[in-house]
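Colleague: Let me give you the structure first, and then I'll get to my questions.
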Number of protein chains: 2
Amino acid sequence: MNRVNALTQNAFEQKGFDGFLISNEHNMLYFTGCPGLACALIPKTGANAVYVYSVNYEQAKAEAECFEVKLVKRGENLIEKLAKQVKAFKIRKLAVDELSHENYRNLAKQLRGETRLKLQGDLVWELRRVKDEEELKLMRKAGELTTEGMRVAYEVIKPGVKEFEVAGEIEYAMRKHGCWGTAFETIVASGVRSAFPHGGCTDKTIRDGDLVVVDIGATYCHYRSDMTRTLVAGKPSEKQKRIYDIVRLAQDKAFQAVKPNAKAKIIDAVARKTIEDAGYGEYFVHGLGHGVGLEVHEPPTLGPESKDRLMIGNVVTIEPGVYLIGFGGVRVEDTVIVRKGKAEKLTNDFYSLEAEK
Amino acid sequence: MNRVNALTQNAFEQKGFDGFLISNEHNMLYFTGCPGLACALIPKTGANAVYVYSVNYEQAKAEAECFEVKLVKRGENLIEKLAKQVKAFKIRKLAVDELSHENYRNLAKQLRGETRLKLQGDLVWELRRVKDEEELKLMRKAGELTTEGMRVAYEVIKPGVKEFEVAGEIEYAMRKHGCWGTAFETIVASGVRSAFPHGGCTDKTIRDGDLVVVDIGATYCHYRSDMTRTLVAGKPSEKQKRIYDIVRLAQDKAFQAVKPNAKAKIIDAVARKTIEDAGYGEYFVHGLGHGVGLEVHEPPTLGPESKDRLMIGNVVTIEPGVYLIGFGGVRVEDTVIVRKGKAEKLTNDFYSLEAEK
C-alpha cells in the first residue's frame, strides 16, 4: 500500500484529484501485485477496488493485495460499471493513467456533467521510475539471469550456427537458471543485418567474420533486464576491432558519468561525443539508453532531446552503437542502477569482441 | 499491395474517406511487411508512406514494401509532421485505426477545421480476420512448431520437475525447429494453480498427481499459434479423468460444429452445453476461443456474447476449460482454420491426460 499512498499523496493532496483510475496493465501490476486485471479504481473516500473478468477472478482474489476484487460479469459493460462507481463515490475530478481514445471518449460521455476526467500517467511514472529496494532485488536477479544467457552466447556463436539456434541456447540457459521469460524478443543479428539495431533473429547461418549483435533480456517476477554484446564469429578484422573499441569506450565513459541529478542528455552527449570524435557520429542512430523495470522501455530517456534528470533508484540502459550499412553494427549495453556513488551494473562486467575458442 | 487496395476499396470507395492513418504496430506489419515503424499514411491521392525514427530507418528502407520511407528526424514531432502531410494531401476525412487518447487529441487539434478524424479500426480487422493463403502457410508452420513444443511437454513432465524447467524445454524444442519466439508467455501451471486459467509458470515443483495445464504458442514470421493440453504428473485420479473427458468431449463437439457462416456464439454454446450437462457449467469461466494471427487475441470472438459469424479463412482457437479452486483445472485447446468443409487443425491431433511413462 506504500505505492498507493505515494500516488494518492501526490494526486489527491497536491493536485486536487479525488479519484485515480489505473488501466495500464503494468501500472496495475505495480500497485496490486496481480496480473490479468481489467482496471483499478482508487477513490479518495471509499475502498480501493480492482475490476476483473471471470477468467481471472479467482486468481485476483488470491493475489490482489489490499484491494477489493469486483467481478465484471458476462454482459456487463466495464466502462458503465466504472462510471456508476465513480458517481457513487461522488468523485468530481478523476485522474486516469492512460486510455485508448475510444475508451476515454466513452467514459467521459458516461461521466459528463458530474466528473472531470484528466490524463495523469506522469504521476505514476514519477513513482515507477524510482525503484525501491524490493524492486532492485528482483532487477538484480533479472540481470544475473541475463548474464547467464550472454555467457552461453559467447560459447555457442561460431561460423555455421544459425541465429535462432543461438537464441534458443541463450533462452534455455536463462530458463534453467529460473527466469520467467524473455524481457523482449531476443536479437541475434549477424553480418549485414547487425547494422539494423532491431535486426531480430532469423534462420540465417552465421558466417566466418560476421559481426553478431546479441541483445537479450531475462524477466524475473515481472521485472526485466536488457543487455547487448557484439562479437565476431571467427577472427575480428582491424576495422571491426576499431569500431568495437570506439563503442566500448563511449559506453564506459557514459557509465562513469552516471550519477544522481545528472542531466540524461549530458550522459548521452558523453557517449555521442566519443563516437563523433572518432568520425562515426552519424552512425550512432539512436539514443544512449532508457529506463527499465516492469517494462523494457520506461522513463527516464537518455537521448539528445531528453529533459530528464537521473535520480537515485533509476534503472537505465547505457547502449551506444555504430551501424554501418553493408558492413555490420556494434552495440554494447548494460543495465545499471543510479546510486549515490558510482552506478551499479546489473549485467556483468565482461566485454569481448571474440567468441570463446 | 493487395491488402492496401482492399482497405482503400472499402474505406475510400465505400465509406468516403480520402486518407487512412495506420498506427497499430501489427496493422503496419500487415500492410508493409516491416516491423519498427512509427506509422503509415495511405492517401487517396498521393504516395503511400511509412514514417520511421532513425533507429529503424535503414531497415525500413530495406524491408517496407511499396511504401515511401520518411525519416522522422531528431527534434521533429511525429504528429505535427503527419498533420502537415495530411494537409498537403488535402485529406478532408481521415480514417485512423487506433490511437491513444493523447495522440488522438493532439492530431485532431493540429487538423482542426481542415480534416475530420475518425476511428475505423474495424475496417482493418475486416481484412485481418480473414487470412490469405500466404498467411495460412505461416500459421500452419507456427502450429507445427507449437506441436513440437507440446510433444516435449509430454516427455518431460513428471513429479519433481519445476514448472519453469518444463517451459524451458518446450521453448528450446520450438526454437530448435526454427520458431521466432513465443506467441505469449508460456503457461505451465500445476496443482492448485492450474485452476487459474492464466496461472503462468513459476518455480513450483510439480508433484505426483498434479494436474498440469500447458498453454503454449510458437511465433513464425510474426504469425502466432496457440495450443493447450492438460496432463497429470503420475497416475490420474477418477475425478481428474472425468473432468478431462468432459472438457475433451466439449472441445471435440465444438470443433465439429465449426463451419463457415456459423454464429460464433453457437460454437461456444455447443461446448458450454456439454460442460453444463455434466454439471460443471459454472466452472467454465471464459469464452470458448478467439481469433489468432499476427496477435494472439484477435477477432472473431467465440463466446456467449459474440456477435461474430465464422468465415472461411478465420483462424480461431477452440479451448473449453473447467477450473475447480483447490483442486485444479483442465483446458484443451487447438488452433483451427475455418474452411469450406471440415475445419483444419493447425495444432496436432494428440490428446492424453497422461504424460509419457
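Colleague: What is the dipole size for region A:143-292, taken about its Cα centre, with +1 at each Lys and Arg Cβ and -1 at each Asp and Glu Cβ, in debye to the nearest 20?
Modeller: That gives region A:143-292 a dipole magnitude of about 340 debye.
Colleague: Here's a follow-up. Using a 1.4 Å probe and counting only protein heavy atoms, arrange B:LYS239, B:LYS137 so the residue with the most accessible area comes first.
Modeller: Output order, biggest surface exposure first: B:LYS137, B:LYS239.
Colleague: Going through region B:228-336, which GluC sites (Glu not before Pro) have at most 13 other Cβ atoms within 10 Å and a DSSP loop state?
Modeller: Here the sparse-neighbourhood loop sites are B:GLU305.
Colleague: Next up: Per residue of B:159-166, what is the mean number of Cβ atoms on other protein chains within 10 angstrom of that residue's Cβ?
Modeller: Mean partner-chain Cβ count within 10 Å for B:159-166: 2.
Colleague: With θ set to phi - 60° and the Karplus curve 6.51 cos²θ - 1.76 cosθ + 1.60, what are the ³J(HN,Hα) couplings of region A:99-110 in order, to the nearest whole Hz, using x for Gly and Pro?
Modeller: With the stated coefficients, region A:99-110 comes to 8, 5, 4, 4, 5, 4, 4, 5, 5, 4, 5, 4 Hz.
Colleague: Skipping prolines and chain starts, which residues have an amide H placed within reach, meaning under 5 Å, of the one on B:VAL161, given they are 5 or more residues away or on another chain?
Modeller: B:ILE206
Colleague: Partner chain Cβ atoms within 10 Å, averaged over the residues of B:198-204 - can you pull that number for me?
Modeller: 3
Colleague: Taking a label point 7 Å from Cα toward Cβ, how far is A:ALA62 from its twins in the other copies, in nm, shortest first?
Modeller: A:ALA62 label point versus its equivalents elsewhere: 4.6 nm.
Colleague: Would you tell me the accessible area of A:LEU136, worked out with a 1.4 angstrom probe on the heavy atoms of the protein chains, in Å² to the nearest 10?
Modeller: Surface open to solvent at A:LEU136 totals about 10 Å².
Colleague: When only Cα pairs under 8 Å and 6 or more residues apart are kept, what is the percent relative contact order across chain B?
Modeller: 14
Colleague: Compute the label-point distances linking B:GLY209 to its equivalents in the other copies; points lie 7 Å from Cα along Cα→Cβ; give nm, one decimal, shortest first.
Modeller: Listed shortest first, these distances are 6.5 nm.
Colleague: Reachable aspartates and glutamates from B:LYS109, Cα under 15 Å, same-chain residues fewer than 8 places away excluded?
Modeller: Once the sequence-local aspartates and glutamates are set aside, what remains near B:LYS109 is B:GLU80.
Colleague: Near A:LYS241, within a Cβ-to-Cβ distance under 11 Å, what is the net charge of the other residues, with Lys and Arg +1 and Asp and Glu -1?
Modeller: For residues surrounding A:LYS241, the net value is +1.
Colleague: Positive end of the dipole of the protein assembly as shown, charges at C-beta (+1 Lys, Arg; -1 Asp, Glu), about the Cα centre: which of A:GLN59, A:ALA49, B:ALA189 has its Cα farthest in that direction?
Modeller: Comparing the listed Cα positions along the dipole, A:ALA49 ranks first.
Colleague: Could I ask something else about it? Can you check what the net charge comes to around A:LEU127, using other residues whose Cβ is under 12 Å from the Cβ of A:LEU127 (Lys, Arg +1; Asp, Glu -1)?
Modeller: Within the 12 Å Cβ shell, the charges total -2.
Colleague: Count charges around B:ARG92 for me, please; just the other residues with Cβ under 12 Å from its Cβ, Lys/Arg as +1, Asp/Glu as -1.
Modeller: Local net charge: +4.
Colleague: Using a 1.4 Å probe on protein heavy atoms only, how many Å² of accessible area do B and A hide from each other, summed over both chains and rounded to 100?
Modeller: Chain pair B/A: roughly 3600 Å² of buried accessible area.
Colleague: Can you list the residues of region B:27-41 with backbone N under 16 Å from a point 7 Å past the Cα of B:ALA62, pointing along Cα to Cβ?
Modeller: Counting backbone N atoms under 16 Å from the label point, the list is B:33-37.
Colleague: Another question about this same structure. Evaluate peptide A:185-196: per residue, the Cβ atoms of other protein chains within 10 Å of its Cβ; return the mean as an integer.
Modeller: For this peptide, the per-residue mean of nearby foreign Cβ atoms is 2.
Colleague: Accessible surface of A:GLU98 in the full protein assembly, 1.4 angstrom probe, to the nearest 10 Å²?
Modeller: For A:GLU98, solvent-accessible area is about 90 Å².
Colleague: Of the candidates B:GLY341, B:GLY200, B:GLY303, which one comes out as most mobile in a Gaussian network treatment of chain B with C-alpha springs shorter than 10 Å?
Modeller: B:GLY341
Colleague: How many Lys pairs in region B:133-233 lie less than 30 angstrom apart by Cα atoms, where the lysines are 8 or more positions apart or on different chains?
Modeller: Total qualifying Lys-Lys pairs in region B:133-233 comes to 9.
Colleague: Give the nm distances, rounded to one decimal, from A:LYS239 to the matching residue in every other copy, measuring between label points 7 Å along Cα toward the beta carbon; shortest first.
Modeller: So the distances to the same position in the other copies read 7.0 nm.
Colleague: Here is a follow-up. May I ask you to give the solvent-accessible area per residue for the protein assembly as shown, in square angstrom, as obtained with a 1.4 angstrom probe?
Modeller: Spelled out: the 1.4 Å probe surface of the protein assembly as shown, per residue, equals 41 Å².
Colleague: For region A:17-103, with only Lys/Arg (+1) and Asp/Glu (-1) charged at the beta-carbon, what is the dipole magnitude about the Cα centre, in debye rounded to 20?
Modeller: In debye, rounded to 20, region A:17-103 gives about 500.
Colleague: Now for a separate question. From the residues A:TYR223, A:PRO320, A:SER100, which one has its Cα farthest along the dipole of chain A in the positive direction, the dipole being from +1 and -1 charges on Cβ of Lys/Arg and Asp/Glu about the Cα centre?
Modeller: Farthest along the dipole direction, towards plus: A:SER100.
Colleague: What 222 nm value per residue comes from the helices of chain B, counting each DSSP H run with n ≥ 4 as -39,500 (n - 2.57) and dividing by all residues, nearest 500 deg cm²/dmol?
Modeller: Roughly -11000 deg cm²/dmol at 222 nm, from the helical runs in chain B.
Colleague: Can you give the accessible area of B:THR205 in Å² (nearest 10), computed on protein heavy atoms with a 1.4 Å probe?
Modeller: Surface accessible to solvent at B:THR205 totals approximately 50 Å².
Colleague: Roughly how many debye, to the nearest 20, is the charge dipole of chain B about its Cα centre, given +1 on each Lys and Arg Cβ, -1 on each Asp and Glu Cβ, and no other charges?
Modeller: Its charge dipole is roughly 1100 debye.
Colleague: Taking 22 Å as the cut-off for C-alpha to C-alpha distance, list the pairs among B:LYS253/B:LYS273; B:LYS61/B:LYS131; B:LYS263/B:LYS345; B:LYS61/B:LYS81; A:LYS265/A:LYS345 that go past it.
Modeller: B:LYS61/B:LYS131
Colleague: So how much slack lies between A:ARG116 and A:ASP132, counting 0.36 nm per residue of separation and subtracting their Cα-Cα distance, in nm?
Modeller: Between A:ARG116 and A:ASP132, full extension yields 2.5 nm more.
The values are calculated or read from the model by the stated rules, or taken from the named source; none is laboratory data. Computed from a prediction, not measured in an experiment: that's the story for all the values here. Neighbour counts run over all protein chains shown; Cβ positions are idealised from the backbone, glycine included. Heads up: the accessible areas ignore ligands, DNA and RNA and are worked out on the full protein's heavy atoms, side chains in. Shrake-Rupley method; radii C 1.70, N 1.55, O 1.52, S 1.80 Å.
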